[in-house]
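The values are calculated or read from the model by the stated rules, or taken from the named source; none is laboratory data. Remember, predicted model here, so these are calculated numbers, not experimental data. Positions of Cβ are generated from backbone atoms using ideal geometry, with glycine treated the same way; all protein chains shown enter the neighbour counts. Heavy atoms of the whole protein, side chains included, go into the accessibility calculation; ligands, DNA and RNA do not. Shrake-Rupley method; radii C 1.70, N 1.55, O 1.52, S 1.80 Å.
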Amino acid sequence: MASTLYKRYIPPRVPAVPIVPPVQPTSFIVQPSVSTRNEPTGKRKRDAEEQEARQERKEKRKKLKSDAKTTAKEEDFSQPKERKRAGCESEGRKEDEKAQKHGKRKAPRDNAAKNEGMATSVEAPDGKLDVQEDQESSGDEVHGDLPKRHKTVMAKFQKSTKSAGHKSDGTQDAEGGLNQQGSPELHDLVPLPQPAPNLEPEYKPISTLPLWLATPISVPSTATAPFTTLGLDPKTVSHLEKKGYRDAFAVQSAVIPLLLPKLRNTVGDVCVSAATGSGKTLAYVLPMVESLKHSWITKLRGLIVVPTRELVSQARKAVELCTTKTGLKVDIAVGTRPLSYEQDLLIRKGRRLDPQGYDILQQQAKRSMLFGGDEEPGEDDVILQDAVRMLPGHVPEYTSKVDVLVCTPGRLVEHLQSTTGFNLDNLEWLVIDEADRLLDQSFQQWVDTVISHLQREVPYGQMSAKDKVLSRLWHPKEPKHVKKVVLSATMTRDISKLTALKLRRPRLVVVEGIEPRDETATLGAPDDGDSFTLPSTLHEYAVAVGDGTDKPLYLLRLLQTKILGGTNGRAQEEVDIASDAESSVVSSSSSDTSDVDSSDDSSSDSEASSSSRSVISSKPSPSPPRDNHTRSSPDAATQPTPTSPRVLIFTSTNESATRLSHLLGTLHPAYAPLLGTLTKSSNSSATLHRFRTGRVPLLVASDRASRGLDIPAITHVVNYDVPRSVRAYVHRVGRTARAGREGQAWTLFEEREGRWFWGDVARGQAVGRAGTVSRVRVVVEEAGTGVRTRYEEALRALGEAVRAK
Ligand SMILES: Nc1ncnc2c1ncn2[C@@H]1O[C@H](COP(=O)(O)OP(=O)(O)OP(=O)(O)O)[C@@H](O)[C@H]1O
């Protein structure tokens, strides 16, 4: 037994250069474990063994050499390698079986024998190293068995490493202790409860606005409704229909029900923001008239405040339209009329039998005569003077001659301070139109004055009989609530300004037109943080005028070629209108051309003076969307017809309006009779009347005409001077394209104004518009027309006229 073991475990000869590297570890693993276990001990024994082994190896080598010689001769090259290997393998297998039968353990593969048997290694298609051997194993009993043994050992090795890998993967991954699924291996442990993941809250901008401003009642601009559905008196509705008003505009259909008497006590005050020409006036006039018309006694119960006298007369007309056959009395208060004249119109002096009051007033009058100074008589002094002239037992009584007063803020303050009997004690409606303008400017601190008058305690002598009785009974006075309606096309959300109005439970109604491009810009606009919407029927154009020296010539040319020369009220776009959106470059060599430009605004202006340049010419500007409903016209007589352009030209000041009118008339004498000028000093109502009726189709005006002016016939607005602010632009261009009609706005901009105009106005984030602003090239001089010569003469004449004044 010992000799068998001894024979079987002869250590193999280690080759000088191992040819089959993957096999080595396997041999190495298997052999030592066996040999160390069975190796006999004792030096002599070992020496004998070594000697015997050497001898055996020698014999074996000899034999192998001779065999190799024989087999090399007989080698059959036609036999495929696989078959050869299969042969080797089957032979090896047979050998194995044989060895096992005889109780022998299979010997480890002899690398030396393999090498000497010309074994070669090739890479198999699967990337693994495979072993190919030449057929020469006849003399070696283990040779044919090598691949199989290697495979078996290799398979075992791979299996064991795989399972070890599995274990290590599954138990504790060095990189995080996760199993293959990526979840932690628990090992029967109960996971500790973990705190909930601390998720970053979604960012929401915090609005500092009060809730009523931050969450307005939004109304789509298309939300029209028949007047019959709004809860108005059927008589009012039929009257409106007769006047041509059939359907209520969006702002009217939203605001009228909120303000009608049924809901008045539940809704509170109302602020309204809607585009120019959207019908805001009727939105407050109709419910106000509806609620006041049932009263028999005339008292000042409705007060409408607007910024200019032109708007005063316009609003009066709207109120009178609705008060027909109601018995309500309407008047105005504006600074152009003498105060005393207005006082007589507003207040009626009378007398009332009141013996007790008579005694009190007589005693006061005596004291005043004895101790009174030389100061300007106040309201009380006037009452005492009047009281002295009363019949015995009677006291003077002052009553309002009007139910509704339309006024400017300055004149209102004057009446409150100096018109005896003029007070707001019975006021039920306070309307502030063009509110942002009225709240921006102090107008003699009109807001504070009005609010303090609304809050004042009514003196006993001026109380109504009912209030006197109640006050004698110590009955608490009924709280007085004045309905406040605040409106603008550019409504301010400046809470500091709105707070001054002491609004009660207010709601904001916003008529949604086209959203400003940047929705977040609603409170971040260039002016003061508000956003604006232009009418969807407005078409906007811009003309570069170089450094502005020839601006009157550009205007003249614009009127001749694009506005008055047009046949259909639309710009003649075929020549040189450049769409902002799409353009193609062509070449031009006109030296006096104020031309269209690249998309870069800053560079565009400088291009105007270049002698040979590239201009962008036209694809016609895209047709802007129209309103999807046809609006009825209340005033067919003033409708613009395609052949009757009505042009409102804005200048920055009253003086430049006068000068421009003069210059235009001199430059182009044919225009002189067509021109009107609206300034502070001019007779505005006469001028406006002529413009309204079309006798004067060209009106040059300062910004006083920019707000609220409602002349439906206006087809074109020209900003000869760029407006001072985005807000001013919105109001100026809003004089056209009103009530669903189409209109055009043209802006002449100088080089230095280009950046602001394009940045803030034309592409500003805070302006919502349906289309884009198109650039238009205007050629100011054509060869042989002599316009420039006439222009120089006109300038000279103007200079002389100014000097003569
Ligand atoms: N329901 C309606 N149907 C037809 N036309 C109407 C209707 N309501 C108002 N209009 C007309 O629309 C025009 C514009 O109305 P209004 O002057 O009230 O606009 P606005 O919103 O006050 O404009 P702005 O902000 O410029 O003052 C007026 O000519 C008016 O007669």
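Data for the structure
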| quantity | calculated |
| --- | --- |
| Measure of compaction for the range 284-340 (Cα Rg per 2.2 N^0.38 Å) | 1.16 |
| Two-site label geometry, residue 755 and residue 494: point separation in nm, points 7 Å out along Cα→Cβ | 2.6 |
| Spatial separation of Cα centroids for the range 754-805 and the range 328-365, in angstrom | 53 |
| Per residue, in Å², the accessible surface of the range 683-805 once ligands and nucleic acids are set aside, probe 1.4 Å | 36 |
| Point-to-point label distance, residue 790-residue 152, nm (Cα→Cβ direction, 7 Å offset) | 11.8 |
| Kirkwood-based shape ratio for the range 647-760, expressed as Rg/Rh from alpha carbons | 0.95 |
| Rounded, prolate or oblate (a/c below 1.5 giving rounded, otherwise prolate when a/b exceeds b/c) for the range 247-399 by Cα gyration tensor | prolate |
| Flagged links, alpha-carbon separation over 25 Å, of 262/329; 401/680; 243/329; 262/497; 329/349 | 401/680; 262/497 |
| Fully extended contour minus Cα-Cα distance, from residue 329 to residue 686, at 0.36 nm per residue | 126.1 nm |
| Spin-label model distance (nm) - residue 391 vs residue 209, 7 Å beyond Cα toward Cβ | 6.0 |
| Accessible area of the range 684-763 belonging to carbon and sulfur atoms, whole % at 1.4 Å probe | 47 |
| For the range 713-805, diffusion coefficient by Stokes-Einstein and Kirkwood Rh (Cα), 25 °C, 0.890 mPa s, µm²/s | 154 |
